[in-house]
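Undergrad: One structure follows; several queries about it will come next.
Throughout, read-outs are computed from the coordinates displayed, never taken from laboratory work. As the structure is a prediction and not an experimental result, all values here were calculated from the model. Cβ placement follows ideal geometry from the backbone for every residue including glycine, while neighbour counts extend to all protein chains displayed.
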Amino acid sequence: MDKLGYTLMHEHLTIDLSKIKKDPDTILDDNNATIAEFKELYKNGVRNILDVTNTGMGRDEEAIINIMKATKINVITSTGFYKDPFLPEDFENKSVDELANMMINELTTGYINSTLTPKCIGEIGTSKNMMTANEEKLFKAASIAQRKTNALVYTHTTLGTYAKEQIDFFTKEQVDLSKIIIGHVDLTGDKDYIVSLINKGVNVGFDTIGKVNYMKDEVRAEILKHIQDINKIDQVVLSLDITRKSHFKDNGGIGYNYLFTSFLPLLRTYGITEDSINKMLKDNPNRLLGGL
């Protein structure tokens, strides 16, 4: 990890959710397209990306290695499982301890048949306004793995829902909340709710930047300005969560560099300082990813 550069904290270099979503747009497998966009990211100061693609989501370790070599951007990978209905077919048959041990083994010895070793548990998710029985088992296993390894945990909230309950779960499981990032909170558009999460001691991901069909970026900027004003910006990370072919610039989407060409200039007009931008893109990721 290059601590002098920026880090995007919630991306997927490869992904395949098409079996459930029945949409080929949800497959990312064009490595050349990713390499082209990442080279532009490099020019904008990005040196690290946290890939939160886990078992059952279509992670391709060989592709990740090739993209790293071609772009000089470091990729930190993840372990775990996603959420219902995207969990592997054999998930239900495994015990909490078996699932926890799978994560612990990957975090300590690396993926099978790969030179990569994940450093994050994520993204692990809950459904809209609820936690299914399988998701509860997943969160229990992730909690065990976190306590054993002290790894970072990155969660998925469906449209920002059930975040408080995720925190309550981790608190009950005695997980260090400073090692938790609650994902997709920007999709709530609810300033007070997001601040209430931050005040519990977790970190939050404004990680669907540019997805204005869900939430206007101006709302994200307003909330970030408030978080800056209450001196809590050191608990925020940024990313775009590019997960579709149609998100790529050449396919008519915003592309990864939208963060730098559009979103950061917008933040500045709202009074977000360069110090805050550096915290969200550099200092906070460096702290959360520890001694990598």
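Undergrad: Taking the Cα-to-Cβ direction at ASP176 and at ASP275 and moving 7 Å from each Cα, how far apart do the two end points lie in nm?
TA: A separation of 2.6 nm, rounded to one decimal place.
Undergrad: As I understand it, the dipole of region 6-288 uses +1 on the Cβ of Lys and Arg and -1 on the Cβ of Asp and Glu, about the Cα centre. Which of THR269, THR7, ASN213 lies farthest toward its positive end?
TA: Farthest towards the positive end: THR269.
Undergrad: Can you list the aspartates and glutamates whose alpha carbon is less than 13 Å from that of LYS279, not counting same-chain residues fewer than 8 positions off?
TA: Reachable aspartates and glutamates: ASP234.
Undergrad: Less than 13 Å apart at the alpha-carbon level, and either on another chain or at least 8 residues along: which aspartates and glutamates does that give for LYS172?
TA: GLU136
Undergrad: Is the shape of region 194-237 rounded, prolate or oblate, going by the alpha carbon gyration tensor and its root eigenvalues a ≥ b ≥ c, with a/c under 1.5 for rounded and a/b larger than b/c for prolate?
TA: Cα axes put region 194-237 in the prolate bin.
Undergrad: To the nearest 20 Debye, how big is the dipole of region 7-116 about its Cα centre, given +1 on the beta carbon of each Lys and Arg and -1 on that of each Asp and Glu?
TA: Dipole of region 7-116, to the nearest 20 debye: 500 debye.
Undergrad: Distance check, please: which entries in LYS128/LYS216; LYS43/LYS232; LYS94/LYS245; LYS19/LYS216; LYS21/LYS245 exceed 23 angstrom between their Cα atoms?
TA: From the list (LYS128/LYS216; LYS43/LYS232; LYS94/LYS245; LYS19/LYS216; LYS21/LYS245), the Cα-Cα distance tops 23 Å for LYS43/LYS232; LYS94/LYS245; LYS19/LYS216.
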